[in-house]
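The structure under discussion appears below in the form of structure tokens.
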Amino acid sequence: MDLNYSAEDLAFRDQVRSYLEANLPSDLQHKVLNHKRMSKEDYVRWHKILAKQGWVGTGWPTQYGGTGWTPAQRHIFEEECARIGTPAILPFGVNMVAPVIMAFGNQAQKDYYLPRILNCDDWWCQGYSEPGSGSDLASLKTRAERDGDHYIVNGQKTWTTLAQHADMIFCLVRTDPNARKQEGISFLLIDMKTPGITVRPIIMLDEDHEVNEVFFDNVKVPVQNLIGEENKGWTYAKYLLGHERTNIAAVGRAKRELQFLKRVAAKHQKNGQPLIQDPVYAGKVATLEIEIMALEITVLRVISQDSGRPGPEASLLKIKGTEIQQRLTELMVEAVGPYAQPFDPAFLEGETEHSIMSDDDAAALAPYYFNFRKTSIYGGSNEIQKNIITQMILGL
Amino acid sequence: MDLNYSAEDLAFRDQVRSYLEANLPSDLQHKVLNHKRMSKEDYVRWHKILAKQGWVGTGWPTQYGGTGWTPAQRHIFEEECARIGTPAILPFGVNMVAPVIMAFGNQAQKDYYLPRILNCDDWWCQGYSEPGSGSDLASLKTRAERDGDHYIVNGQKTWTTLAQHADMIFCLVRTDPNARKQEGISFLLIDMKTPGITVRPIIMLDEDHEVNEVFFDNVKVPVQNLIGEENKGWTYAKYLLGHERTNIAAVGRAKRELQFLKRVAAKHQKNGQPLIQDPVYAGKVATLEIEIMALEITVLRVISQDSGRPGPEASLLKIKGTEIQQRLTELMVEAVGPYAQPFDPAFLEGETEHSIMSDDDAAALAPYYFNFRKTSIYGGSNEIQKNIITQMILGL
Amino acid sequence: MDFTLTQEQTQFAEAIRRWTEKDYGFEHRKRIIESPAGVSAEAWAALAELGALALPVPEDQGGFNGSAIDLMVVMQELGRGLVIEPYFSTVLGAEFLKRAKAHFDVLEQVATGEIRLATALHEQQSRHDLSDICMTAEKTTDGYRLNGKKTIVLHGAQADKLIVSARSSGQQRDKSGILLFLVDADAAGITRHDYRTIDGQRAADIIFEQVNIPAMAMLGREDGGWELLDAVSDYGVSLLCSEAIGIMETTIAATLEYLKTRQQFGVPIGKFQVLQHRMADMFMEMEQARSMATLAAVKVSSDSTEERRRTLSAAKARIGQAARYIGQQAVQLHGGMGVTNELPVAHMFKRLTMIELSLGDTDHHLARFVAQPGFKNAA
Amino acid sequence: MDFTLTQEQTQFAEAIRRWTEKDYGFEHRKRIIESPAGVSAEAWAALAELGALALPVPEDQGGFNGSAIDLMVVMQELGRGLVIEPYFSTVLGAEFLKRAKAHFDVLEQVATGEIRLATALHEQQSRHDLSDICMTAEKTTDGYRLNGKKTIVLHGAQADKLIVSARSSGQQRDKSGILLFLVDADAAGITRHDYRTIDGQRAADIIFEQVNIPAMAMLGREDGGWELLDAVSDYGVSLLCSEAIGIMETTIAATLEYLKTRQQFGVPIGKFQVLQHRMADMFMEMEQARSMATLAAVKVSSDSTEERRRTLSAAKARIGQAARYIGQQAVQLHGGMGVTNELPVAHMFKRLTMIELSLGDTDHHLARFVAQPGFKNAA
């Protein structure tokens, strides 16, 4: 039993930390730390900076240009990124489609797509969910019919994150409508510029444009864009779902946000003293801080147990991680109280330096709170995660 | 909208209050207020005092010797009993078997049993649950076979409250083993002194003897002890279940226990001041007090809506009532902290005047807490109650 | 003991409900939010027409002298309709004038819908403590001079007149030295910054620079400012509680409907027991909250200040708890659809959330409840 | 970073588990509880035999000098077996002697199982604050004279020697003026009242009347009493946390088993989604608690007093919360069977509940966590 990092890990951490301190643009950091909205350019800029350093494929084997890091190193890297406040590397290319291409793609697909993913030459999005499918993913209806050396795709995807920026979408499509639900599904890569694709924004409850509906109307997709075998797509999707859980607990970010929360609660007053010194409020913050401490150890336990591929315990990490994130935003809103009310999209978009109200810290907190209700819904709702724990761990 | 009692109701309340103050024996009150265990004699004594006053059949029509009170009067009476701390009138005779006899019994049964119930000449217990039946009551297995002018009863009942004192038991028994689950059940009254009946204690987790198993081994029951028709017992049982919900929210007791809690929390110190002044603890007490305030209004709303027979809203009252009762006991244990540990059954039984530890208030609190875990289980577990709300009120 | 509404109350409620359903639909409301004005003159006229604006006004000023229960009925319906017009701020403003027994002309104009009011009580440092006032009221020869800044004044830029709290003496958070004034919203020296709130309403930051007002602008007694402010704030709490109940009703109805129609794994998701029990919990929260909102509307007129404070704080705390649970769970049960701006449920959630932190949040009112003598005396 | 146990630790755990399963079954334990002694000499001999008593003792005194992690492993197993022997009290007592580097002879006797220890730290008014001491230690020519009363001394009547806290100066709750002593349990002037605790253990109220003890009975430095007491109390917290984890494991296993076998409405009740998710919640509570118990066992030896206090309080608070939830829900899921004394689950629940309020309850430790400089400094 030893909860300390090894000397090598500590050296690695220092290396990562100095690199990030030297290379993270301060305007990007400012946006992240202050809960502002990130533009496409923001994401791409940071991705390319990391790509130059060779630190994008943190879960990739070295043969594809990955870092080949151990699970501990990868965890350290993620913690350091969260600590300093880097933009996210969006998962759709690097952590979602890439592992599928590596495992099931042909050589040409690997040669073409993987370097472009590493370098963010393509912006990827995910075409899984459909209206009506939700947690029951395999009930998808989007059809792909073979027509010579093309598939003709018709149907609709939804909840497609940041599809408005996307160059490519990876889709689950139904190629055999007569097969059983999970069979007859194929995994297709589709160029978003193909005629017949329409993207319709879905505005979130904080009025951010984060997800979309994507419509396919007789979209011609070359057969070489099929991954693996026809009608085997469900297998690949399940493989990918296992990968989606990386850093799902987001403990690093939670620790950073806890500091933000304490700073805000130290600034706001209750009964003439800083709110953070109010016994009732401090008790709530302490309870949350302890939950974060516990989850950090739980994550490390999972990492140390296997090769960094959490099994059903990932459901625990997802549930606890999102509960913590949501609780953080709740306590932030509580801290600023009435100051949560003003709504200033221009400030959130970075169009103005200061918010309409004098408290810039407070300006983003209600949108943040409302937006983060999604975390217990997406990526398999927390109810679905409990079903998984029930079945896979508890055997009920 | 008027939340005040009418002048008549207030006069009635004063009348009840003066009667109780004059007639409740102080030793019984002491036991109730201090969470001590009640003996058979305690219950019978109080029942007979109230019977002399004619205040036992508070839900009975006057033709059978009931009070004929309005729902509001009945509520006021229950509140006043709770406020001063009377022993309970056990429901098995007065509120459970009696309504069934009134509705479905024949004249002879009414004439014989009802006066005896009012006067506590018989101690009744309830033979519903069986091992394995639990929430699925209709799956009961105890058999009653007709043999001339007797039934021969074989089987087992369980969770039979205070059967160790009982003269009579009312039972659901299966008279037609070939009928569907809810059919083929009959409602029998059985003399507990009949040969073939054995009572085995079940000791509760606070080591109190409150419930029992009752075994029937070829027990001969005269056919005149059948209520209503053979094989119609399920209908009578369902009728009875509607009656079981009287005063289910127990707001009056909750209010009394809240005062007890505050008194204990004022006596114990934290950081050199009374615990009740600690902001965190006070916040918990206040939250609970507000829940009680709300439930009191909810109860009055239900009473004022209909004729005092709550429908599915009774499930809400049961859930909230038991949550409040359990929370009260939690906060009591928290208040005394380490003083919850000593266990002094002799004191609880009234065999010693003072507890082994110097704090008599604290002595009963852990047993009280542990014992009251039953409240969310019995009478239809709170999960079953939520099923009822889901189906009957929400239509899901 | 009688929980039924009068026939008049029921008819009033039905009339407002008909109006919101017919003329204040979801898309219409959205256009009002997006409009530069942020409120609807048409809706205001309709509220006047319906008698909702005359309701709180005394009969002598052309009103119906409605009770707190009457207002409860109205606020529930406006909650159901997610109405974002300056009704709450105007009723609250009128309550100041009613209690101060002054400015009858203004009350008359409220009754006819000629003017809107707003209450400027909150300052940057106040958080939930309305006695935390830095704004100064300096005595002049013929009145007072106001200096300071009020923030998050609900519908402050849409109002014609403001009720303003200021301090003539004492330290921040002193209960003495607080004065209340009725001020023209466009008086010289006043600057208003209008902005949206996240729940679709409007609010303003208002700067007062050397604003001279006559002596008669002061409301009530010189030594009674805090008592008046505290009482009217409790009245506002009662209004908000009722609004919240209306929203809870529609939130729960919308969620139930969603559970019955939305299919997953071949069945309506309302067949999953976990979601069923969640709904049962939401329902119970609403019923407990409803009981407290009713109690609040009754006790807000109590002769006992302590009973009023105790009950209103209890109600606000209980309703805040229910509002959070019901709002969050309604969104959760709606799944992805719940976190978009496209369904009413998101807007109900946002409004419920903002009600929770308006006029004192749950912790504030729990502490106020505890601070009443009755809490410890009962021990 | 390594969460695995050593082979020795695993073997130790397995040996203790074999013993509890074979020789410390539910019915056997019940007989011990009902016996006049309240503890089992046989079990004590077995624990000595297994090396569990030598484990905490330094090598120089014939022990294994076990780490806090070693003890964590043992306490988990004793928790699983619901062992009610005076192991915890003896280990805690030994920890005082180890840290004070004194009374090596006593430590030797602990290692062999010759004697049992108990710690008399709690007084009637203390609640969760062990610095709240009224008992006096008056200096005499050749030592000290103790006067006062200790309450709820776990296994106080079964112990041969007591570690006692007393005050030579200062007010109740002063951190200075606290002294600790090793005292023979049958010294002249000591009266012990033995009683059961609700979780099947024994405790005693102990009266000290003019108890004269030699100077060498004092543990540690005259000005270091509180630091020693606080540190050993944290050590005890770590032990209790580990015991709780062991109990949570068996509680959850028993409940799972019940859900899989108990039939209602024709199916195992474990098929009902609401009960499934309840189990999932219990499981997650246990895993979070386990992480904190591990962290506690590691950090209880930290060189930084603040880090130790902060972590141990965090662990106790988190485990208290988990203990309550798991205990209550295990009983609830067992239905009627859960509230009888006949199944182990009720006894697990009772012990978990008592652990929650031993050596500081959840609120106590949350407040202590908040009081550490790190809590606000981080802001």
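The values are calculated or read from the model by the stated rules, or taken from the named source; none is laboratory data. In this text the structure is predicted, and so the values were computed from the model without any measurement. Positions of Cβ are generated from backbone atoms using ideal geometry, with glycine treated the same way; all protein chains shown enter the neighbour counts. Only protein heavy atoms, including side chains, enter the accessible area calculation; ligands, DNA and RNA are left aside. Shrake-Rupley method; radii C 1.70, N 1.55, O 1.52, S 1.80 Å.
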Positive-pole candidate from B:264, A:84, B:319, dipole of the protein assembly as shown, charges at beta carbon:
B:319
Chain D: angle of helix D:362-371 to the longest principal axis, Cα-based, in degrees nearest 10
60
If the chain between residue C:141 and residue C:60 were fully extended at 0.36 nm per residue, the gain over the current Cα-Cα distance would be 25.9 nm
Of the candidates C:38, C:327, C:3, the farthest towards the positive dipole end of chain C (Lys/Arg Cβ +1, Asp/Glu Cβ -1, centred on the Cα centre) is C:327
Compactness summary of the stretch A:7-89: radius of gyration and Dmax from Cα atoms, Å, are 12.8, 38
Got a sec to turn the phi values of the stretch B:131-142 into Karplus ³J(HN,Hα) couplings, 6.51 cos²θ - 1.76 cosθ + 1.60 with θ = phi - 60°, whole Hz, x for Gly and Pro?
x, x, 8, x, 5, 9, 4, 5, 7, 4, 10, 4
How far apart, in nm, are two points set 7 Å out from the Cα along the Cα-to-Cβ line at residue D:15 and at residue B:241?
5.6
If the cut-off is a Cα-Cα distance under 29 Å, which lysines reach residue D:139, setting aside same-chain residues fewer than 8 apart in sequence?
D:98, D:101, D:149, D:150, D:161, D:175
Here, trypsin sites (Lys or Arg not before Pro) of the stretch A:152-247 satisfying both criteria (DSSP loop; at most 16 other Cβ within 10 Å) are A:180, A:181, A:193
Among B:321, B:252, B:68, which one moves the most in a GNM of chain B with springs linking Cα atoms closer than 10 Å?
B:68
What does the C-alpha gyration tensor say about the overall shape of the stretch D:20-138? Classify as rounded when a/c is under 1.5, otherwise prolate if a/b is larger than b/c, or oblate.
oblate
Please work out how much accessible surface residue A:192 shows to a 1.4 Å probe, ignoring ligands, DNA and RNA, in Å² rounded to 10.
20
Counting only Cα, what are the radius of gyration and maximum Cα-Cα distance Dmax of the protein assembly as shown, in Å?
34.9, 108
What is the list of residues in the stretch B:151-186 whose amide nitrogen lies under 18 Å from a point 7 angstrom out from the Cα of residue B:108, following Cα to Cβ?
B:151-152
Rounded to the nearest 20 Debye, what is the dipole magnitude of the protein assembly as shown about its Cα centre when Lys and Arg each give +1 and Asp and Glu each give -1 at the C-beta?
1440
Virtual spin-label span in nm between residue D:125 and residue B:121, 7 Å along Cα→Cβ
6.0
Treat each spin label as a single point 7 Å out from the Cα along the C-beta direction, and report the residue D:209 to residue B:384 distance in nm.
5.7
Residue B:258 - accessible surface, heavy atoms, 1.4 Å probe, Å² rounded to 10
10
Using Cα pairs under 8 angstrom and six or more residues apart, how large is the relative contact order of chain D, in percent?
14
Karplus-derived 3J(HN,Hα) from phi for the stretch D:214-223 (6.51 cos²θ - 1.76 cosθ + 1.60, θ = phi - 60°), whole Hz, x at Gly and Pro, runs x, 4, 5, 6, 6, 9, x, 8, 4, 9
³J(HN,Hα) computed for each position of the stretch D:281-291 - Karplus, 6.51 cos²θ - 1.76 cosθ + 1.60, integer Hz, glycine/proline x:
5, 4, 4, 5, 4, 5, 5, 5, 5, 4, 4
The answer for chain B, counting only DSSP H helices whose Cα atoms cover 27 angstrom or more along the axis and whose Kyte-Doolittle average is 0.0 or greater, is B:279-305, B:313-336
Run the numbers on chain A and let me know its relative contact order in percent, using alpha-carbon pairs under 8 Å that are six or more apart.
14
Ignoring everything but the protein chains, give the 1.4 Å probe accessible area of residue C:141 in square angstrom, nearest 10.
150
Could you tell me which of the pairs C:376/D:376; B:181/B:238; A:181/A:232; A:157/A:193; A:181/A:238 are separated by over 19 angstrom between their Cα atoms in the structure shown?
C:376/D:376
Given q = 0.13, 0.19, 0.21, 0.22 Å⁻¹, what are the Debye log10 I(q)/I(0) values for the stretch D:254-318, with equal point scatterers placed on the Cα positions and solvent ignored?
-0.52, -0.71, -0.78, -0.82
Given only helices, namely DSSP H runs of n ≥ 4 each adding -39500 (n - 2.57), what is the per-residue ellipticity at 222 nm of chain A, to the nearest 500 deg cm²/dmol?
-13500 deg cm²/dmol
Please report the relative contact order for the stretch B:249-393, taking Cα pairs under 8 Å with a sequence separation of at least 6, and give it as a percent rounded to a whole number.
27
Scan chain A and hand back the longest stretch that contains none of the GluC sites (Glu not before Pro) lying in DSSP loops with at most 14 other Cβ atoms within 10 Å.
A:1-228
Electrostatic dipole magnitude of chain B [Cβ: Lys, Arg +1; Asp, Glu -1; Cα centre; debye, to 20]
560
Can you tell me the 0 to 90 degree angle between the C-alpha axis of helix D:41-50 and the longest principal axis of chain D, rounded to 10?
90
Copies of residue D:139 compared via label points 7 Å along Cα→Cβ give distances in nm, shortest first, of 6.5
Quick note, chain D: a/c under 1.5 would make it rounded; otherwise a/b > b/c is prolate and the rest oblate (a ≥ b ≥ c, C-alpha gyration tensor); here it is prolate
Whose amide H sits under 5 Å from the amide H of residue C:202, counting only residues 5 or more places off or on another chain, with H placed in the peptide plane?
C:155, C:197
Tilt, helix C:7-23 to longest principal axis of chain C (alpha-carbon atoms), in degrees rounded to tens, equals 80
Check residue A:270: other-chain or 5+ apart residues with amide H under 5 Å from its amide H, H built from backbone geometry?
A:275
I need the semi-axes of the equivalent ellipsoid of the stretch D:275-379: take the C-alpha gyration tensor, multiply each eigenvalue by 5, square-root it, list largest first in whole angstrom.
31, 13, 11
Mean projected area, convex hull of alpha-carbon positions in chain B, reported to one decimal in nm², is 21.2
Label zone at residue B:9, where the point sits 7 Å out along the Cα-to-Cβ direction: the stretch B:283-298 residues whose backbone N lies under 18 Å
B:293-298
Run through every distinct alpha carbon pair of the stretch B:249-393 and return the Kirkwood hydrodynamic radius in angstroms, one decimal place.
16.7
1/(1 + (r/R0)^6) with r = Cβ-Cβ of residue B:349 and residue D:174, R0 = 60 Å, i.e. FRET efficiency to nearest 0.05, evaluates to 0.90
Between D:343, D:107, D:312, which gets the highest mean-square fluctuation from a Gaussian network model of chain D, Cα cutoff 10 Å?
D:343
In whole µm²/s, the translational diffusion coefficient that Stokes-Einstein assigns to the stretch A:120-232, given a Kirkwood hydrodynamic radius over C-alpha pairs, 4 °C and 1.567 mPa s, equals 92
For the pairing of chain C with chain B, what total accessible surface becomes buried, with a 1.4 angstrom probe, in square angstrom to the nearest 100?
3800
So, with +1 on the Cβ of K and R and -1 on the Cβ of D and E, and no other charges, what is the size of the charge dipole of the stretch A:7-89 about its Cα centre, to the nearest 20 debye?
380
